[in-house]
There are 2 protein chains.
Amino acid sequence: MPASLPPLTALRAFEATARHLSMKKAANELNVTAAAISHQIQFLEEQLGVRLFHRRNRRIELTELAQSCLPMLRDGFEQLRQAVDHIRNQRAADVLTVGASPSLASRWLMPRLHRFVLLHPEIDVRVSTQMRQFTRLPSGSRGDFESVIQWADEVDLLAVFGNGHYPGMQIDQLLPLEITPLCSPALLAAGPRLKKPTDLTAHTLLHDDRGMLYEGRSFWERWLDAAGIRHPAVASGPHFTHSVLAIEAALAGLGIVATTPALVSGELARGTLVAPFALRVALPSGYFLVSNPLAARRSVVGVFRAWLLDEARQEHAAPGSIA
Amino acid sequence: MPASLPPLTALRAFEATARHLSMKKAANELNVTAAAISHQIQFLEEQLGVRLFHRRNRRIELTELAQSCLPMLRDGFEQLRQAVDHIRNQRAADVLTVGASPSLASRWLMPRLHRFVLLHPEIDVRVSTQMRQFTRLPSGSRGDFESVIQWADEVDLLAVFGNGHYPGMQIDQLLPLEITPLCSPALLAAGPRLKKPTDLTAHTLLHDDRGMLYEGRSFWERWLDAAGIRHPAVASGPHFTHSVLAIEAALAGLGIVATTPALVSGELARGTLVAPFALRVALPSGYFLVSNPLAARRSVVGVFRAWLLDEARQEHAAPGSIA
DNA sequence: GTCAATCATGAATTCATTTCATCCGTGGGG
DNA sequence: CCCCACGGATGAAATGAATTCATGATTGAC
């Protein structure tokens with residue numbers, strides 16, 4: 001509803017000229033010829049029906065009216081400049097915003113990030129994690145899909161758990177989804193015996209509910225199926241909406257969790273967490289890098305993605321170690 | 001020196017769209033098609049390398065980043081709008097700014113202005129008077145010329161004393177310059193006799209110095225010449241840089257002034273000032289209406305000019321009366 | 001289920017902006 | 001004191017940015 005403004009090009013030409021009190025300098029600043037400025041100012045004067053400059057011999061002087069509105073004009077453009085700067089700073093060449101789901105961020109990305117920072121100290125990496133993706137949504141629903149798309153639009157690079165199908169986005173698989181039971185060595189030593197998968201019936205099962213969200217079946221069901229056994233109470237035991245919580249529980253010796261070993265490679269290497277069985281079950285879902293087409297073009301994004309994929313490759317080549 | 005802004009058209013399209021959360025409405029506001037808005041926003045996103053909107057089914061949502069810079073953007077455009085409004089209000093269709101030299105304003109224009117206001121109550125007439133024209137400048141100098149031109153650029157209509165030669169301006173002669181001696185009736189009654197021009201030698205001469213400025217000779221010299229007499233001390237007596245001051249002195253009975261009777265038609269009609277001699281000397285200078293080409297096009301200017309000229313015509317037809 | 005509403009998209013078009021070439025007048029250096 | 005280089009004005013031509021048009025896709029609403 002704002003009253004219509006005169007062409008902004010003309011306004012800007014006027015502002016610059018008034019600031020320099022010189023069309024030539026204004027032209028210089030705006031990277032056009034002096035003729036363009038002269039035309040623009042005459043056009044503006046025409047539009048407003050007001051003289052803005054007194055034409056002197058080889059110089060110009062501001063009209064009173066022009067003088068009086070100049071501060072407002074300058075402030076206006078200054079505000080616009082700030083607004084644009086605000087955006088540009090967020091996307092400055094050396095600023096990289098990475099989004100990751102909470103578990104991946106805290107258990108995989110953050111432990112490795114310091115190495116990237118050492119490698120590229122000039123890049124300002126900002127990690128943003130949020131859980132809107134993980135609020136209870138029907139598996140593979142539009143809602144989940146859209147929240148990923150939306151998030152990917154907000155950051156340069158998004159690392160999330162999903163099915164890898166995000167049309168219009170640039171996608172790389174970061175880690176394939178493998179699951180295997182994990183528990184603390186203390187539990188293994190002091191608890192009921194745990195030699196064969198069937199021994200699991202005597203243990204507390206900790207549930208990482210991502211499986212329910214993305215696969216329609218729990219991780220435990222999948223793994224036990226693959227192991228060829230049936231568990232009488234496969235859904236019993238504590239449930240966690242985030243992998244990281246289930247993992248913490250396992251670390252505390254509260255039970256056995258079926259989840260992605262890649263998320264605990266540090267613990268596996270240190271022995272604070274162990275995988276009692278060799279069987280790893282690959283599932284169709286996985287961790288993916290998602291990047292919107294705009295961000296994908298940025299060079300820092302390319303650098304970081306390459307580094308991430310390399311890290312993941314090493315992870316896969318030497319599972320259970322953080323190299 | 002301000003960092004370069006993205007094309008302002010795109011910024012404005014974004015601002016409007018963000019405000020309405022609708023491209024269609026924004027398009028409506030800006031009098032373009034929705035397609036134009038869509039293009040502009042995509043272009044801006046391209047430029048900044050940032051998504052500004054999440055595209056939903058039939059609606060759009062602001063990106064966090066867009067959200068955060070929107071207030072600044074709005075303020076910026078609001079400032080610009082105010083700046084332009086400031087100018088436009090000064091030149092609103094019903095606002096008329098008239099400039100006049102101090103003497104003409106106070107002794108001729110103002111006494112008549114109320115009639116115009118009664119005639120056109122819808123017009124907001126603003127009178128601006130200033131004396132930069134009357135600072136001591138060589139007669140007919142560039143400085144004087146330029147100050148008139150400059151003033152004429154600041155107002156809609158300028159009524160000044162001068163030679164009527166202002167190239168590029170629209171000119172009308174308001175009043176021809178006639179001079180005649182004037183004094184208070186008291187002085188005429190109680191002072192030395194004043195029947196013939198030669199009697200003037202016994203009186204104090206009050207000098208309106210405009211004559212020196214514009215004609216190179218004082219008004220008294222011109223009049224005495226035309227009267228065919230020589231005055232031994234034609235430059236003696238008080239000098240005034242403004243007619244109005246010399247006239248006030250004459251009203252106070254301090255002496256006799258040679259000046260424009262049109263400036264004192266009210267006093268002449270009332271008898272508070274009298275012209276002892278019938279001889280009126282016409283000089284080449286006069287009062288002119290000057291109007292810059294931009295202002296000259298405005299209809300209120302035309303109305304006011306016509307009225308002024310009519311007033312002046314009546315003045316001339318019935319000298320010594322304010323009708 | 002169908003319709004209407006909203007946004008996307010690409011080619012064509014319009015027209016705003018800029019440049020080019022030239023002119024003008026003078027202020028200041030030689 | 002003279003002249004020329006500088007800053008601005010100007011009009012036609014060229015450029016290219018902004019807009020429209022025509023069409024498609026998708027879905028929310030009735």
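The values are calculated or read from the model by the stated rules, or taken from the named source; none is laboratory data. Only a predicted model underlies this, so the values are computations on that prediction, with no experimental measurement involved. When we count neighbours, we look across all protein chains shown, and the Cβ atoms used for this are built from the backbone with ideal geometry, even at glycine. Each accessible area value is taken on the protein alone, full model and side chains, heavy atoms only, with ligands, DNA and RNA left out. Shrake-Rupley method; radii C 1.70, N 1.55, O 1.52, S 1.80 Å.
Filter the range B:1-50 down to residues that are surrounded by 15 or more Cβ atoms within 10 Å (Cβ to Cβ) and hydroxyl-bearing (Ser, Thr, Tyr) and give me whichever is farthest from DNA strand D (Cβ to nearest atom).
Of everything passing the filter in the range B:1-50, B:SER22 is farthest from DNA strand D (Cβ to nearest atom).
With the condition kept exactly as written, say whether any residue in the range B:51-62 is free of Cβ contacts under 8 Å to residues at least 12 places away in the same chain, facing another protein chain (nearest Cβ under 8 Å) and open to solvent by 70 Å² or more (accessible area, probe 1.4 Å).
no
Under 6 Å by Cβ, and 6 or more places apart or on different chains, what pairs join a residue from the range A:216-229 that is over 16 Å from A:THR260 (Cβ atoms) with one that is open to solvent by 50 Å² or more (accessible area, probe 1.4 Å) and in a loop (DSSP other than H, G, I, E, B)?
A:GLY216/A:SER139; A:ALA227/A:LEU279
Which residues, counting only those in the range A:63-85, are within 7 Å of chain B (Cβ to nearest Cβ), open to solvent by less than 10 Å² (accessible area, probe 1.4 Å) and within 30 Å of B:SER128 (Cβ to Cβ)?
Of everything in the range A:63-85, those that are within 7 Å of chain B (Cβ to nearest Cβ), open to solvent by less than 10 Å² (accessible area, probe 1.4 Å) and within 30 Å of B:SER128 (Cβ to Cβ) turn out to be A:THR63, A:CYS69, A:LEU73, A:GLY76.
Just to be sure, is A:ARG91 within 7 Å of chain B (Cβ to nearest Cβ), in contact (Cβ under 8 Å) with a residue 24 or more places away in the chain and under 39 Å from the mean Cα position of the chain (by Cα)?
Yes; evaluated as a whole, the condition is true for this residue.
Filtering the range A:33-50 down to residues that are within 12 Å of another protein chain (Cβ to nearest Cβ) and without any contact (Cβ under 8 Å) to a residue 24 or more places away in the chain, which residue is farthest from B:ASN89 (Cα to Cα)?
Taking the candidates together, the pick is A:GLN42.
For the range A:275-302, enumerate the residues that are crowded, with 20+ Cβ neighbours inside 10 Å and part of a helix (DSSP H, G or I).
The answer is A:ALA295, A:VAL300, A:VAL301.
Report the residue count in the range B:96-114 for those that are assigned to a helix (DSSP H, G or I) and either touching a residue at least 24 places away in the same chain (Cβ under 8 Å) or within 16 Å of the chain's Cα centre (by Cα) (or both).
The qualifying residues number 12.
Can B:THR272 be described as of a type in the set (Val, Ile, Thr), open to solvent by 10 Å² or more (accessible area, probe 1.4 Å) and at negative phi?
yes
Scan the range A:303-314 and give yes if some residue there is more than 21 Å from the chain's Cα centre (by Cα) and either outside the structural domain of A:GLY99 (by TED's automatic domain parsing) or open to solvent by 10 Å² or more (accessible area, probe 1.4 Å) (or both), otherwise no.
yes
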